[in-house]
Each structure stands twice: as structure tokens, then as C-alpha cells.
Amino acid sequence: MRKADEDMSSCENRDNMTAGSPDVLKTLYINPTKFCNLRCRHCWVSPPQKDVLDEGSDEISAEQLEKVISEAKKLGLTAIKLTGGEPLLRKDIGEIFRFCADLDVKVSVETNGTLITEKTAGLFRKYGVFFVSVSLDSHSEDLNDFFRGRKGAYKAALRGIRFLLEEGIPVQVIISLYRENLRDFRLFLGLMREIGVNNVKINTISILGRGANLMRQGILPGVEEILDFYKKMDLLRETFNGFLYLDIPIVFKSLEDIKNGLCGSCNIKNILGIISDGSVSVCGIGYLEKDLLFGNVKDDPRAITRIWHENETLKRIKEDIPSKLEGVCGICVFRHRCLGYCRAEVYYNTRDLLAPYWFCQEAYEKGLFPSTRLIPEPLRT
């Protein structure tokens, strides 16, 4: 998600509203390494921990990625997102930035921020990386480092954020909601004002990988708590002069937030993921869900075209979503905009691409789903 004076979530929403043909591959989510230097308690990818990547890694090379991205351009590609593991573990990250700039492909980066140096920030600026999301989970150093699984993560991330801001790079800070940091959220926003960040995205934690363990342990806020927190967002915005966005399905958003583009969704029909060994999936879910691996492009970059046009699971996604969504997702007035929220998470937990998203279904069963945003019974098919 981004902000200088515009956020990436708004941009993604406009893409959803004007997505056009499902045959257009607009975005690649790329996990350039499966490793991370932190061990965050909530990470759904659950990457193995490493401080330095080995030489001669079997992960996809920058040269191979360039060929894949060149092929994807023929399918309509306009942007890539580099995400984790920790993408800045890659020593050749600047090379990836360079060839994307040469190919006129926009690059955004999701990072824990701890590896950002003055040199790295300079590469972001030099090659026109248009947006960087940095994860930080508390105003408290001790609490943040506990969530992030490593002492020193807080100071290193703040240092990295400052390097980016000094280079004029649009920065968004992402905070993942625990019950512990939910209570002191105003203090977190105070820290953001202090360091000069004017864009904060608040993530609910995906019920995948380590996040599923946290849900079972009762560490995560429930549906009621999250919706109650959303109701307080306007008060929080009064003291935060910037972009403040809670990542929950659009159906729960106010008309004002919808009008202002403060609602995101995964445009699954126009996205593919490439994980670090070159496997193609919906997104990084390929690390956890082998049923959602569609092939490999590491040694055959042209395979991305065959996968995009011929894979049966992708055909089903393009044809059946949202028209055949089940449960409350199938009778929601926003189903064509939301597309059932995170289908990868739904499949991992239900083995069904068309099952309802758990948050929405639970809210519906508890009477918390806005009744005005349900299709009237006579119009349901």
C-alpha cells in the first residue's frame, strides 16, 4: 500500500473497478527468497530464518526473473510486488529493480525494514521503486521485538524507514493486530507522527501458518473486537494527519471510506504469484498449499503464458468467481468488487475455492453483517 499523497490500496481498488478482461495478467506477486532474517509470530508464509543467503542458491535468479517478467509483459503485466520471505536478503535486488525499470514495470516492495541501508534506499530512488511497505508492530520496542522474533528489529526498522523518507520514497507502515497492540494504538500513531510517516495500514492476521496458531491460542482479536475498532477509526484519524486504513472486507466499510478508496481486495483474476523456486501459484500460498501450484517458470519462462491461459484451476477462478461464491459471500452486494476477499486463505482452510470468507461468514452468523448489503431474497439466484 502506498502514500505520498495517494495510497496503493486506492490504486488497487481502481484496478478492481476497471479490471476488464480476466485474461489480462496485471500483477505478479514475487517471493524472491523463501528465507527471512526475522521470525514473526504471525507470519503466514512461515519462512526459515537466515541472516545471509548462501552462494549458489537454488532460488530463481535475477536473470531468470527478467525473462519471466518479459514474457508476462505480453500478457498485460504492468506491476510487480516483491514480498517475503525478506526480499532485501537478495544481494542482487538492485538488478531486479534495474531491469523492471528498463521494462517499464512498476515495482513495490514489502519488507520488514531491518535491512534497509542508505545504499539500499538510494537504489530504490535510482530505479524508481514507487512504493515500499515496512512492517512494524508496536510503539514499544520490547513488544515489537517480541512479535518480530528478534531483538533489535524495532531500531533497525525505524532506521530503515528514515533512510527511505530521506530519499523521498513513499512509505507505508503496516501493523498487524494483536490484542496487545490494539489497546495502545494511539501511542503507535504518535510514533508514526514523530518519525514522519503519514500512511498506516492495519492488517488483520491471516489464519494461515503461524497466524493460525495465534488464533487457536486466543491471542488475536475476534470479529467483534475488530469491527468495534473500525468504528473508532474516525476518532483516530482526527489525531493522525495522514492515511489510516484497516484491511477488512469492503462490506463493513462506511460509505465515506468506500468513496475515498479506503478499501482493498485481492483481484485474484488478474494476479499470479511466483515463489522463490520459480513455482507459479495464486500468490505465496504456494509455499503452504501444493494444490495451488500450477507449474514452474525457472527454466522455462514461456511457461507462464501456458499456465495463465490453460491451467484448469485458474480457468475455474476466472469463470466461477464471484458468480458461484457460497455462503454470505454469494449474497453480498459487493461480491463483484470484493471477489470473496482472500480466496487462497479460504482454500487453505476449507479445500474449497468458493466457500465464504471466514470473517464475513462469522459476522453474518452473529448478526454483525450489514443487512443493507445483502442481496434481497427475491433477487438471489
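Evaluate the following for R98: is it outside any loop (DSSP other than H, G, I, E, B), basic (K, R), over 19 Å from L28 (Cβ atoms) and modelled with pLDDT of 95 or more?
no
Checking the condition at pLDDT 95 or above and within 17 Å of the chain's Cα centre (by Cα), which residue from V297, V346 passes? First the steps, then the outcome.
On the way: V297 fails: within 17 Å of the chain's Cα centre (by Cα).
The match here is V346.
Could you please let me know if K201 is surrounded by 20 or more Cβ atoms within 10 Å (Cβ to Cβ) and of a type in the set (D, E, K, R)? Before the answer, list the steps.
On the way: surrounded by 20 or more Cβ atoms within 10 Å (Cβ to Cβ): yes; of a type in the set (D, E, K, R): yes.
It is true that K201 is surrounded by 20 or more Cβ atoms within 10 Å (Cβ to Cβ) and of a type in the set (D, E, K, R).
Please state which one of L82, L89, L53, L136 is hydrophobic (A, V, I, L, M, F, W, C), touching a Cys at 6+ places or on another chain (Cβ under 8 Å), open to solvent by less than 30 Å² (accessible area, probe 1.4 Å) and closer than 30 Å to I205 by Cα.
L89
Got a number for residues in segment 204-224 being free of Cβ contacts under 8 Å to residues at least 12 places away in the same chain and either open to solvent by less than 10 Å² (accessible area, probe 1.4 Å) or more than 20 Å from G85 (Cα to Cα) (or both)?
Residues in segment 204-224 being free of Cβ contacts under 8 Å to residues at least 12 places away in the same chain and either open to solvent by less than 10 Å² (accessible area, probe 1.4 Å) or more than 20 Å from G85 (Cα to Cα) (or both): 5 in total.
Only one of K155, K151 is free of Cβ contacts under 8 Å to residues at least 24 places away in the same chain, more than 23 Å from the chain's Cα centre (by Cα) and either over 23 Å from L38 (Cα atoms) or not in a loop (DSSP other than H, G, I, E, B) (or both); which?
Testing whether each residue is free of Cβ contacts under 8 Å to residues at least 24 places away in the same chain, more than 23 Å from the chain's Cα centre (by Cα) and either over 23 Å from L38 (Cα atoms) or not in a loop (DSSP other than H, G, I, E, B) (or both) leaves just K155.
Got a sec? Which of D104, D142 is among the acidic types (D, E), part of a helix (DSSP H, G or I) and open to solvent by 30 Å² or more (accessible area, probe 1.4 Å)?
None of the others qualify; the one that does is D142.
T120 passes all but one of (1) open to solvent by 10 Å² or more (accessible area, probe 1.4 Å); (2) outside any helix (DSSP H, G or I); (3) closer than 20 Å to S276 by Cβ; (4) touching a residue at least 12 places away in the same chain (Cβ under 8 Å); which number fails?
For T120, the exception is condition (2).
Considering only residues that are without any contact (Cβ under 8 Å) to a residue 12 or more places away in the chain and outside any helix (DSSP H, G or I), which ones fall in segment 352-381?
Hits for segment 352-381 are G367, P376, T381.
Could you list, in sequence order, the residues of segment 312-322 that are touching a residue at least 24 places away in the same chain (Cβ under 8 Å) and not in a helix (DSSP H, G or I)?
I321, the sole residue that qualifies.
Collect the residues in segment 300-311 that are free of Cβ contacts under 8 Å to residues at least 60 places away in the same chain, open to solvent by less than 40 Å² (accessible area, probe 1.4 Å) and under 10 Å from E71 (Cβ atoms), keeping them in residue-number order.
A303
Which residues, counting only those in segment 202-219, are touching a Ser or Thr at 6+ places or on another chain (Cβ under 7 Å) and assigned to a strand (DSSP E or B)?
If the condition is that a residue be touching a Ser or Thr at 6+ places or on another chain (Cβ under 7 Å) and assigned to a strand (DSSP E or B), then N203 is the only one that fits.
Among the residues of segment 169-184, is any of a type outside the set (D, E), closer than 25 Å to G284 by Cα, assigned to a helix (DSSP H, G or I) and touching a residue at least 24 places away in the same chain (Cβ under 8 Å)?
We begin by selecting, within segment 169-184, every residue of a type outside the set (D, E); these are 169-179, 181-183.
Then keep just the ones that are closer than 25 Å to G284 by Cα; that gives 170-178.
Now restrict to residues that are assigned to a helix (DSSP H, G or I): none.
The answer is no, given that none of the residues of segment 169-184 is of a type outside the set (D, E), closer than 25 Å to G284 by Cα, assigned to a helix (DSSP H, G or I) and touching a residue at least 24 places away in the same chain (Cβ under 8 Å).
How do the pairs read when you match residues in segment 192-203 that are hydroxyl-bearing (S, T, Y) with residues anywhere that are assigned to a strand (DSSP E or B) and at pLDDT below 95, using Cβ under 8 Å and keeping only pairs 6 or more apart or on different chains?
none
Can you pull out every residue in segment 263-281 that is surrounded by fewer than 23 Cβ atoms within 10 Å (Cβ to Cβ), of a type outside the set (S, T, N, Q) and more than 19 Å from F35 (Cβ to Cβ)?
C266, I268, K269, I271
Within segment 243-256, track down each residue that is open to solvent by 10 Å² or more (accessible area, probe 1.4 Å) and not in a strand (DSSP E or B).
F252, S254, L255, E256
I want to confirm something. Restricting to segment 282-297 and keeping residues that are in contact (Cβ under 8 Å) with a residue 40 or more places away in the chain and open to solvent by less than 40 Å² (accessible area, probe 1.4 Å), which single residue is farthest from T27 (Cα to Cα)? Give the steps one after another, and end with the answer.
Within segment 282-297, the subset in contact (Cβ under 8 Å) with a residue 40 or more places away in the chain is 282-285, 287-289, 291-292, 297.
Within this subset, residues satisfying the condition of being open to solvent by less than 40 Å² (accessible area, probe 1.4 Å) are 282-285, 289, 292, 297.
Working: V282: 11, C283: 11, G284: 13, I285: 16, E289: 21, L292: 17, V297: 16 Å.
Only one residue fits best here, namely E289.
Is there a residue being among the acidic types (D, E) and modelled with pLDDT of 95 or more anywhere in segment 40-52?
The answer is yes; a qualifying residue exists.
Considering (1) over 22 Å from F188 (Cα atoms); (2) in a helix (DSSP H, G or I); (3) of a type outside the set (S, T, N, Q); (4) open to solvent by less than 10 Å² (accessible area, probe 1.4 Å), say which one I60 fails and leave the rest.
Condition (2) is where I60 drops out.
The values are calculated or read from the model by the stated rules, or taken from the named source; none is laboratory data. None of these values were measured; they are calculated from a predicted model. Using ideal geometry, Cβ is built from the backbone for each residue, glycine included, and neighbour counts are taken over all protein chains shown. These accessible areas exclude ligands, DNA and RNA; they are computed on the full protein's heavy atoms, side chains included. Shrake-Rupley method; radii C 1.70, N 1.55, O 1.52, S 1.80 Å.
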